[in-house]
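Notes for the one structure printed next.
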Amino acid sequence: MIDNAAVAFKYLRNHQDVLPIPGFETCQQVDEVLSFYATANVVTDQDLGVMERYRTELGSRFCRRCEYCQPCPQGVMITSAMGYPIVASRMSPAVAVEFLEKAMASVPLCNECGACLARCPYELKITDTLKKHYALYTRHRKEKQDAAGK
């Protein structure tokens, strides 16, 4: 959820009992994270401001991809669909539409049975969130089709 690796690792390094396990997409990202450990960890006022902005934007209402909500009795790919806006912001909407096409196509299967809600340890409003994410996906898909002249 945090796309600023430097700030994220400054925060994590302040907690000695935490071992971050980052995901990487490129060798450059591995090198970037390793570079954070080459120097002392100094958190500036600017870093604290960035951290506060993330705390405010994310709040406590975001999917942590724990997958406790799964499996969905209707076959909705909840975890992937819950992450659609993040993928769209990082990859671009045009790429996200293709990348998560299968997951987003499963969202209309939701009949709001509540099984996922009962299992979510963070008490997220999963069905409402899925509706919003599907609307965003639909808009992105239309924009991509319009751009392609379809």
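Brief remarks follow.
- Loop-resident sites, the stretch 8-43, for chymotrypsin sites (Phe, Trp or Tyr not before Pro), counting at most 15 other Cβ within 10 Å (DSSP): Phe24, Tyr37
- Largest GNM mean-square fluctuation among Leu34, Leu48, Leu100, using the chain with Cα springs under 10 Å: Leu34.
- Computed [θ] at 222 nm, helices only, for the chain once each DSSP H run of length n ≥ 4 contributes -39500 (n - 2.57): -16500 deg cm²/dmol
- Here the Kirkwood formula, the inverse mean of 1/r across different C-alpha pairs, assigns the chain a hydrodynamic radius of 17.6 Å.
- Checking every one of the chymotrypsin sites (Phe, Trp or Tyr not before Pro) in the stretch 89-146 against DSSP loop status and a limit of 13 other Cβ atoms within 10 Å picks out Tyr122.
- Straight-line cross-link reach from Lys142 at under 24 Å between alpha-carbon atoms covers these lysines, not counting any fewer than eight positions away in the same chain: Lys102, Lys131, Lys132, Lys150.
- Shape analysis of the stretch 78-147 places it in the prolate category; the axes a ≥ b ≥ c from the Cα gyration tensor give an a/c of at least 1.5, with a/b above b/c.
- Charge dipole of the chain (Cα centre as origin; +1 on each Lys and Arg Cβ, -1 on each Asp and Glu Cβ, all else neutral): 540 debye, rounded to the nearest 20.
- Cα gyration tensor shape for the stretch 5-58, rounded if a/c is under 1.5, else prolate or oblate: prolate
- Rounded tilt (10° steps) of 27-36 against the dominant C-alpha axis of the chain: 40
Read-outs: derived from the displayed coordinates by stated rules, not from any lab. Keep in mind that what you see is a predicted model, and the values were worked out from it rather than measured. Quick reminder, even Gly has a Cβ in these numbers, built from the backbone with ideal geometry, and neighbours come from all protein chains shown.
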